[in-house]
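What follows is a single structure, written as structure tokens, with notes after it.
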Amino acid sequence: MDLLEEAMERYEIEERDTKKKKVESYIKMMTLRRRWAGLVSKSMAGKPEEAIADSIGVIGAIGGTGGKAVVDIGSGSGLLGLVLALMCPDWEVSLVESSGRKCAFLAEAKSALELGNVSVLRARAESIVGAREYDVAVSRAAGTITRMAPVALGLLRGGGRYVALKRSDIEAEVEEAKPLLRELGGELVGIIHPGFLPDREAPGRTSLVVIDKM
């Protein structure tokens, strides 16, 4: 069983064969459009399957069942938001990105992958705080927790959850953000090291910082 299959099985993703084929198509699209759209990513320069498996791991941190309104802050190539939309078709996922070329790529990928549950919004996430509300906010390789938390929590309904996919050594950054989180009405749920692929040392690659809005 390969990396993507392991990740999809761990989170009980249905129609895995069909979705794996779509992931493969998405990776090809990112490779072809990388220079044109400015899709600069260390994940893409390495092993994109690992990066996508990490994105699938966010599903467990989001938790709950049923439909959710999800916003991907600074979506870039969609490596997090598009993957969540593909794996969880009952979620409505908004991809917020300020770059016109990246938005064009996201719209192209949405169409090619037949993702009717995705919307692409060209904007800075800060500009839509107060205008839109979501159940879940996510970000990948974005700014520090101190910089991102005000925006993410501002986009959430009460009881919503923010999940930040970060590097593995994140404890000091999270500790520094705790006073601000309290001021913002956020509660640190914890730091999760996705351990669904122990033989591939996934826990050493990324961390998920989980914050709830009270």
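Every number here is computed from the coordinates shown, using simple stated rules; none is lab data. What you are looking at is a predicted structure, and each value in this text was computed from that prediction instead of being measured. Quick reminder, even Gly has a Cβ in these numbers, built from the backbone with ideal geometry, and neighbours come from all protein chains shown.
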Quick shape check on region 101-214: root eigenvalues a ≥ b ≥ c of the Cα gyration tensor, a/c under 1.5 is rounded, otherwise prolate if a/b tops b/c, else oblate, and it reads oblate
Expected sort for 63-74, 137-148 on mean C-beta neighbours within 10 Å, highest first, is 137-148, 63-74
Cα extents of the chain per principal axis, largest first, Å, are 44, 39, 33
Here the percent of antiparallel bridges among DSSP beta bridges lying wholly in the chain, to the nearest 5, is 40
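Just need the relative contact order of the chain here, percent rounded to a whole number, with Cα pairs under 8 Å and 6+ apart.
The value is 18 percent.
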